[in-house]
1. Residues with beta-carbon under 13 Å from that of B:Met183, excluding B:Met183: net charge, scoring Lys, Arg +1 and Asp, Glu -1?
2. Computed FRET efficiency, Cβ-Cβ of B:Asp321 and C:Tyr161, R0 60 Å: what is it to the nearest 0.05?
3. Enter the mean number of other protein chain beta carbons within 10 Å of the beta carbon of each residue in A:167-176, as an integer.
4. Hey, what's the per residue convex hull volume over the C-alpha atoms of segment C:161-242, in cubic angstrom?
5. Kindly work out what percent of the DSSP beta bridges joining two residues of the protein assembly as shown are antiparallel, to the nearest 5.
6. If you average over every viewing direction, what projected area does the convex hull of the Cα atoms of segment A:95-209 give, in nm²?
7. At q = 0.04, 0.05 Å⁻¹, what is the base-10 log of I(q)/I(0) for the protein assembly as shown according to the Debye formula with one equal point scatterer per Cα and no solvent? Please give it to two decimals.
8. Per the Debye formula with a single identical scatterer at each Cα and no solvent contribution, what log10 I(q)/I(0) holds for segment B:4-237 at q = 0.08, 0.11, 0.12 Å⁻¹?
Amino acid sequence: MSSSKLILSIVVILVILVGAGLYLYYQGFPGMGGGKKIKVAVLFDVGGRGDLSFNDMAYLGAERAEKELNVEVEYMTPKSLEDMIPLLKQLSESGEYDLLVLVGFLWTGPLNATADQYPNQKFALIDSTTGVVRPNEADILFREQECAALIGIIASGMAYELGGSTIGAVAGMDIPPLWKFHIGYLFGVKYFELKTGKPVNFLWQYTGTFTDTQVGYSTATQLLQQGAKVLYGLAGLTHVGMFNAIIDWNKQGKGKALAIGQDASQEWYAPEYIPVSGAKRVDVAVYHAIEMVVKNTWKGGIITLGLKEEGVGIWDEDGVKSFAELAYETKQLKDHTPDDVVSIVKQMRSKYIKGYVWDLVHELEQKIKNGEIAFKTPLTHDEYDQIIQQLMQGNLDAALEKGSIAS
Amino acid sequence: MPEPIIEMENIIKIYPDGVVALKGVDLTIWKGEIHAILGENGAGKTTLMRILYGEIKPTSGAIKINGEEVDFHGPWDAIKRGIGMVYQHFTLIPTFTVLENLHLSLLALDESIKAEDVETLTRRLMDELGLKIPLYDVVEDLPIGVQQRVEIIKTLLRKANILILDEPTSVLTPIEVEELFKMLRKLKKLGITIIFITHKLREVKAISDRVTIMRRGKVVATLYTSKVSEEELARLTVDIDLTSKPKIRGGIRGRRILSINDLWVRDERGLDAVKGVSLELYEGEILGLAGVQGNGQKELIEAIVGIRRAYRGSIKYLDQDITSLSVGDRYKLGISYVPDSRNIGLVYEMNLTENSILTNLHNYLSGIRVINWSEAYRTADKIVREYNVVAPSLRSPIQYLSGGNQQKVMVGREATREPKVFIVSEPTHGLDVRATRFIRNMLVKLRDLGKSILLVSTDLDEIMELSNRIAVIYGGRIMSVGDKNEYTIKKLGLLMGGIHEQRITK
Amino acid sequence: MSKGSLSKLIETLSERLLTERREYLATLIETSSSLILALLAGGIVLAVLGYDPLNVYNILFRYGFGNIRYLLDKSTPLMMTGLAFAIPLIAGLFNIGGESQLYIGAFIALLAAYYTHSHVIGILAGTIAGGLLGAFIGILRVYRGINEVISSIMVNWIFFYLIIYLISGVYYNPERPHESIPIPKDARIYPISNISVIFAIAVLASILYYIILFHTDIGYKMRVTGLSTASAKYAGFNPDLSMIYSMLLGGAAAGLGGALLVLGMTYSIDDMLSAVYGLGFTGIGIGLLGRLHPIGIILASIFFSGLLIGGQWVELKTGAPPELADTLIGVIVIALAIPYVYKLLVSRLIQRRVIE
């Protein structure tokens, strides 16, 4: 094909497109404009919906807000990181949306680069922070220590029911959010030791990845070989490998061990072996952000959600069921119906989590909820190391910003 | 009165781009005859046959088979009517065995047919024809002539009683042509009607009962072959007198320009293809290298040009040893080469101008290796003018030119480089009478200008007509070298078959 | 000049014009009809899935081509990976490695810019890195006979994980651990009065490639090699060298694309590589849509980017899942590219069969 012919053909394409575009432009949009309903756009992570985790939870939260708060919500999945800045700009410039909710850490840089240019546009960044306080930007973080502490108690109790006293965690990368989990989880273990007098052997392993199931599998197997009875998955996709390792460990008759999930309810993945998951309620965060706009309580800066705000916690039966249903709809859950999942989880919980454990959980939960105690968030790796060291020696207060356990 | 089997009446074909290929053609084929269709490239022979075979639809006109009007929507309709076609380029699957190919083609007619049935049918047919084809050999390992026989058998198995052959001899060696003709005569005896497309006058005379001559989309005449001479046929095919042949001067030769000494070259499979060839080429002569295809000609000339390495022996150009020079360096010295295949000597998707600098690129480069296209256009224009190339424009992709015009561009490009040594392989392969004449005259003209020409050809007429000296190659060895008048076609044929001179003289 | 030859000249000239105009007209009809067909096919898909085609197209094109700077920025890396696929294919190689060539280009540019604070050095380093990786695959093909498709795919994954490791384990940003170290402010490429500088650089690079391809001996030899290796050998060219050059140039294009992406758009790479993932594969479509012609690829990358951008808005404005837009884009692009791709693949595969 000669170049002139080629250019001609492309020109034809562009002319037709521009023509069509102009025609449509003057035709205007059907169903545009109208009411004064509050309008929110939820911008997902690059992967978009279907992850049964962050993006799907954000969707659930926004849907709830749409019903309960009478707002209009629209959704968008950016193609790539490079799309984020221009999309933020264009959405802000349109002035159409009262709030843009950004799901996931990938939005951090792009938001930081654009927020200042649009002081009248409100942004809510979920589970990440730009580190800059702006009146139009709310960074919603979670107090992961609080749920990890409750999980620490439960894991210790389960280990004793399984005839052992070692628990562990398969963690992702050595980064601040994981430090918080580490502190909380270890705190819960020591709380259990303190209150019951039963010693617990604690294993914590960073894998350096959030995406490698293979590494998750081998790391988990090593921990199981060291006698761990319960493993806490804190590594995204990597800990799916941990789940598989535990399933195989049980099925191959090497021993009895259980897993604990995190963020979304992950019991559905293998309800016989995952009786409980820690919750990081992205849905609550999204709902909270929208609520601030609707109820005119908007406040820029960092907002943290903990047990008290139901931003973190332990997934209850309703939560387990709704994620099982999501997984069922997307054909990822095949062996059971959602109702089966719930009943198996109920059985497993009553079998392995005894009353005295629940009592301890509720006791600590109360202390946290009524503000009696509050956890530290380490800012440097040194500080983090120090807190862990102190905790290992049994000094629970080292993890606390406020209050004391000794009392 | 013979019985007509095919009647085509007033066939007109206008292609979508406005080209009128057939301007009202009438053609009657009689049952059981061998009917030659003669014409230059572009006369409309192939178009007419493709219409008969149902491949393309005529713009208007009627076709009757056995007196019954037919309307073909594709070759299948024609096949059902007992028409079979053998193309210049075969439609066999090269990696399948002969039997698998035949089986495959019959499956299209009868899904349940078994390989054993096909084998029985084929063997019976081969007995009838007195043929032997190895049914379990893979097609690509067979000689072209045998592959062609497989194609013919394929159509016969489909019960064809009308066989169309499109330029069947263009891919064959002289011996294979003879065998083909023998087979066609046998088929005729069995009552098969044969339509034979060609542009070679000699073949018309040799095989056909009647001949229809076409020129520019029209039928010029339909004649009994026995009642016309070759000269008359030539005159009817092209309207100018092309019967005069150039005079060959003999004996004037200048310096020795190329000397090849004990050259050994291997082929792709690593076998010796050239076994100790020594040859000399002088200024002002045409040295014809005769031989049956596949006897080392290709490897020999590729070694001379440098495309292939010689692992022993030497090649000297004047006083310089060029055995280890690259192709490009040899071209720069003044060696030029026209390969036997146009799809090597030309790049089909590139345009005429781009093709006219293929072997001479270094002459069109500026300091920073930028191509000087206006210079290239000038060269292309020169080739087009001097060699009467018919092309829509200098930017036309070369694949849109006819075979003859492509050949002219290729030969013209090499000649325009003003080489001292001009190696040409099958320069008139597949060309019509007019283009063949043109190229041969050109070679003689170059020779008269003092160029040295090494002419490799399987066409013995061509060798005899043009050469000053002749060398015969057989099995990678030179059987004989000598002055043209020491040879006759008969003697060449024997030498090419590997029979030594001593035995011939005895 | 005699009267006879003058009239002959006029005759040939007018004949040439006539034939060429006929070609233009044919191209015009062919292109516009295939676009209309493509849009119709997409429209049918939409209607079948229960969406209003007019509304969806309205959003797709209005938003897709409405934000010029975004459009041009987005087409920049795609243009480069389009070239990364097209240039080697012109010489007869299927470079599926635009993906890793872009990764390495982006990553090396990031490091170079981080340590030198210079965008020029970043661009050069990224381009060279991509080119070397491309040439490596070409060398494997030529000297070791390793099929370039297979080696490219393997190299893609090797570099995917290698760079993930380097970003998450070594060159991470302590403030934002999911991201790499950032491009320093003084090494970023900003638009000059709203003109996308990275796009301009990409266009210049494409024009340079055009010149190399059609006006230099390197390009001429590459084209001959791709169309017929036998002809290249006959002409005295070294087909092996042409193939390696083509991979070098293709890889360099992808590397430049990656460099421009980090220096001008994302300023960092995340540890899941979502900043760079997939651009190389999209480049294959763009190369084919642009008919393997550098100028065509410029326009194809703009066209394709417009569809990608518009697709995101289709989700926002209609509530359709993002897969709808992807499907629609696929249908349009395939309908536009199919006739050409078919021709191309058939001819290239036959050519390869003959040689190998």
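1. With Lys, Arg at +1 and Asp, Glu at -1, the net is +2.
2. The pair B:Asp321/C:Tyr161 has a calculated efficiency of 0.65.
3. The shielding value for this peptide is 2.
4. 175
5. Roughly 45 percent of the DSSP beta bridges within the protein assembly as shown come out antiparallel.
6. Taking the Cα atoms of segment A:95-209, their convex hull projects to 9.2 nm² on average.
7. The Cα Debye sum returns log10 ratios of -0.35, -0.53.
8. Cα-only, vacuum Debye calculation for segment B:4-237: -0.29, -0.56, -0.67.
Every read-out reported here was derived from the displayed coordinates using simple, explicitly stated rules and does not represent laboratory data. Owing to the predicted nature of the structure, the values given are computational and were not obtained by experimental measurement. Backbone-built Cβ (ideal geometry, glycine too); neighbour counts: all protein chains shown.
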